[in-house]
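Data first, discussion second: the structure below is written as structure tokens.
The values are calculated or read from the model by the stated rules, or taken from the named source; none is laboratory data. Predicted model, so just to flag it, every value in this text is computed and none were measured. Because the Cβ atoms are built from the backbone with ideal geometry, glycine has one as well, and the counts that use them run over all protein chains shown.
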Amino acid sequence: MTIEFFFDPISPYAWLAGSRLDELEARTGQTIVVRPILFAGLLKAHGHLGPAEIPAKRRYTFRDVMRRASNYGLTLQGPPTHPFNPLKALRIATAIDTDSQRRAFAVDVMNAAWSAGQDLNDDAVLDDIAKGVGLEPDWWRKAIDDADVKNKLITTTQQAIDSDMFGVPTFRIGDEIFWGDNSIDDLVRCIEGQAVDEAKLAVILSRESGVAQRKR
């Protein structure tokens, strides 16, 4: 089986999850394939604000990420601005054809933002990351403006939405999705055979809502 890892470097939780890909492969014996998607596209599709756009949630998110990073033995600096525009990094990742090279770029680009505190909109930063995984700067500059690359990122994001994804990071194996870096243990248990009672779930989901939130 293949585990798909859907990410956007804008999310610190994607960075946390990305640090555990080798561990996840070792625990499951499965191959992980990295899929770049635009988190903002998921938010728009579901009518959500990003966590950083809600002051209380923004404060909690970064406190939580600091705890988790410490638990994982990671150094957190955080990017110079947040939210930031991740499109260049996402399009470069989308343009990379080789799974292993795309994964290396994805991990390095998230580490650059969250561990090293670098600006992913700085072309010099992207040059260094690209060179580190064997990409030429001239190649990625052309790739991010390529219509096919842009459309592929849009398509992959829409396919994620159609698969009921609403956030990053999300792992998918078969038809099952697991959201967040803290869902890795659940993913492992699923691979080991633990299953949701689908009949009970269907009954719960069939129940009508007892209240509707008023839209402002």
Problem - Extreme residue, surrounded by the fewest Cβ atoms within 10 Å (Cβ to Cβ), among residues of the range 144-174 that are touching a Ser or Thr at 6+ places or on another chain (Cβ under 8 Å) and not in a loop (DSSP other than H, G, I, E, B) - result: 152
Handout entry: the range 2-40 - residue that is of a type in the set (Gly, Ala, Ser) and surrounded by 13 or more Cβ atoms within 10 Å (Cβ to Cβ) and, of those, nearest to residue 81 (Cα to Cα)
Key = 11
Handout entry: Condition met for residue 43 (among the hydrophobic types (A, V, I, L, M, F, W, C), surrounded by 12 or more Cβ atoms within 10 Å (Cβ to Cβ), farther than 22 Å from residue 164 by Cα and modelled with pLDDT of 95 or more)
Key = no
Practice task
Please identify the pairs in which a residue from the range 77-89 that is at positive phi has its Cβ atom under 7 Å from the Cβ atom of a residue that is surrounded by 15 or more Cβ atoms within 10 Å (Cβ to Cβ), counting only partners at least 6 apart or on another chain.
Solution key: 78/114
Exercise for the section: Report yes if residue 208 is charged (D, E, K, R) and modelled with pLDDT under 95, otherwise no. Expected result: yes
Practice task
From (1) crowded, with 17+ Cβ neighbours inside 10 Å; (2) more than 13 Å from residue 4 (Cβ to Cβ); (3) hydroxyl-bearing (Ser, Thr, Tyr), pick out the condition that doesn't hold for residue 206.
Solution key: (1)
